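I have placed the structure first, in the form of structure tokens, so that the comments after it can refer back to it.
The values are calculated or read from the model by the stated rules, or taken from the named source; none is laboratory data. For clarity, every value in this text was computed on a predicted model and none was experimentally measured. A quick note on method: Cβ atoms are made from the backbone with ideal geometry, for glycine too, and the neighbour counts reach across all protein chains shown. All accessible areas refer to the heavy atoms of the entire protein, side chains included, with ligands and DNA or RNA removed. Shrake-Rupley method; radii C 1.70, N 1.55, O 1.52, S 1.80 Å.
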Amino acid sequence: MTPERKKLLQELAAKHGTPLFVIDHQVLRDNFKEFREKLPDVQPYFAVKANSHPDIIKTMFDLGSSFDVASIYEFKLVHEHIKDWPEKKRQDFIWDKIIYANTIKPAKVLAKLDQYKILVTFDNLEELKKIKQHAPNVGLVLRIRVPNTGSMVELSSKFGAHPGEAADLIAEAANLGLNVEGISFHVGSQCNNFDNYIQALNFASSIFKEAQLRNIEIGFLRDGKRIKVLDIGGGFPVKYTPDVKSFALLAKKLNSEIKRSFKKDDIQVIAEPGRFMVATACTLVTKIIGKSIRDGKTCYYLDDGVYHTFSGQVYDHQHYPLHAFKDGDLKVCATFGPTCDAFDTISLADELPEDLQIDDLLYAENIGAYTLASATDFNGFPEARVVSINQENGKK
Ligand SMILES: *Cc1c(COP(=O)(O)O)cnc(C)c1O
């Protein structure tokens, strides 16, 4: 981290207090730009669950992103932001700008969604029946089960129809008078095994072919032509550590495999990147509120922890190494959160100077995805304050 950036973070912490969660919108813009440049034929639907802060949604919308929501709360959050915006700013991509990509939707939610022009995913017959009854006007995307091997967060045990049953489910939808627009999958989050994508694309391509052979209608009409949605989901990895393969390599593989397996004019490719957009855009500043030596090891007690921004350690299986603003010889130290629970252990092996004092500040980078989103107020310790920097309108 540059000295200028360190100074800025310290100034922000002095002004707003800690724990402080800093969103750098320039990094959001850079990430979005990289995604579009490397996957030019893929429209990103930002997965709101990775970080649903309204400032992030606004910036993503300004950039031309569409959105993947997974609850009525997230739907409303996005809809509130986009509904009053000038029509000309909306890219009328497919339907509108939202896909509701939770395959399981309560009946009540479906009834609410029915009035909007959105896509929803499904992966089983019971859900189809529910959709028929409560939301017959939404667009449908069938989610298939694909290999999640080598991904940090596995999703295939819970979601996705078996590829062998996919064409039958699409036919069932047609029997119910519903139209399936396309196919989606998710290779698992933080995917470092790019074969997952290749296999998933092969499944999707085979299902499209099978549907065609069996005269099962799939796709939506645009200018009299039938187009199929190919939703390649999320999973795009972030380089938290040097061993993570590069997004550039993945993008290259995706572009060539999509070109090889599908006709360009037949499909509309969308993706649901979550982590990729937000992880590197956020930094946490936290304060040392206590210090002790236990079993010869220096222990720092911080005002943020595992029940709060560091919740990503539990739910997302990530680590966010802590760094000091002050220089000093690095030693293995323990870092704990503020609550009365020993589970609130951030790390038993953070490398920090041993002579830090109470009220000194620490920071953790790349902490934007699945962190704030899953923070609680357990034990009465509030979530981190959030500040945005480098917003387009110049607001700090
Ligand atoms: C969580 C999720 C995403 C986002 O995944 P990332 O790995 O963060 O890109 C996309 N689509 C669906 C359906 C999800 O559940």
TODO: Just name the residue that is farthest from F236 (Cα to Cα) out of those in the stretch 26-60 that are assigned to a loop (DSSP other than H, G, I, E, B) and open to solvent by less than 10 Å² (accessible area, probe 1.4 Å).
DONE: N51
Open item on the list: Take the conditions among the acidic types (D, E), within 24 Å of F67 (Cα to Cα) and either open to solvent by 70 Å² or more (accessible area, probe 1.4 Å) or outside the structural domain of P44 (by TED's automatic domain parsing) (or both) and apply them to E217. Does it pass?
Closed with: no
Task: Filter result (touching a Leu at 6+ places or on another chain (Cβ under 9 Å) and under 20 Å from F276 (Cα atoms)) within the stretch 147-162 - done: N148
TODO: Tell me which residues, restricted to the stretch 239-272, are farther than 20 Å from F61 by Cα, within 16 Å of the ligand (Cβ to nearest atom), out of contact with any helix residue (DSSP H, G or I) (no Cβ under 7 Å at 6 or more places or on another chain) and in contact (Cβ under 8 Å) with a residue 60 or more places away in the chain.
DONE: Y240
Open item on the list: Tell me the residue from D303, D223, D265, D243 that is in the same structural domain as N379 (by TED's automatic domain parsing), open to solvent by 10 Å² or more (accessible area, probe 1.4 Å) and either modelled with pLDDT of 95 or more or out of contact with any strand residue (DSSP E or B) (no Cβ under 7 Å at 6 or more places or on another chain) (or both), please.
Closed with: D303
Task: Condition broken by D231, with the remaining ones in (1) over 30 Å from V386 (Cα atoms); (2) open to solvent by 10 Å² or more (accessible area, probe 1.4 Å); (3) of a type in the set (D, E, K, R); (4) within 16 Å of the ligand (Cβ to nearest atom) satisfied - done: (2)
Open item on the list: For the stretch 273-300, give me each residue that is within 16 Å of the ligand (Cβ to nearest atom) and open to solvent by 20 Å² or more (accessible area, probe 1.4 Å).
Closed with: T280
TODO: Could you check, for the stretch 16-25, whether at least one of its residues is at pLDDT 95 or above, more than 20 Å from P237 (Cβ to Cβ), in a helix (DSSP H, G or I) and open to solvent by 10 Å² or more (accessible area, probe 1.4 Å)?
DONE: yes
TODO: Select from the stretch 338-353 the residues that are in a strand (DSSP E or B) and open to solvent by less than 20 Å² (accessible area, probe 1.4 Å) and list them in ascending order.
DONE: I346, D350, L352, P353
Task: Pairs with Cβ under 8 Å, 6+ apart, first in the stretch 61-88 and more than 9 Å from V48 (Cβ to Cβ) and at pLDDT 85 or above, second more than 14 Å from the ligand (Cβ to nearest atom) and of a type in the set (S, T, Y) - done: H79/Y116
Open item on the list: Among the residues of the stretch 321-334, are any buried (at least 18 other Cβ atoms within 10 Å of the Cβ), of a type outside the set (K, R) and in contact with a Gly (Cβ under 8 Å, 6 or more places away or on another chain)?
Closed with: no
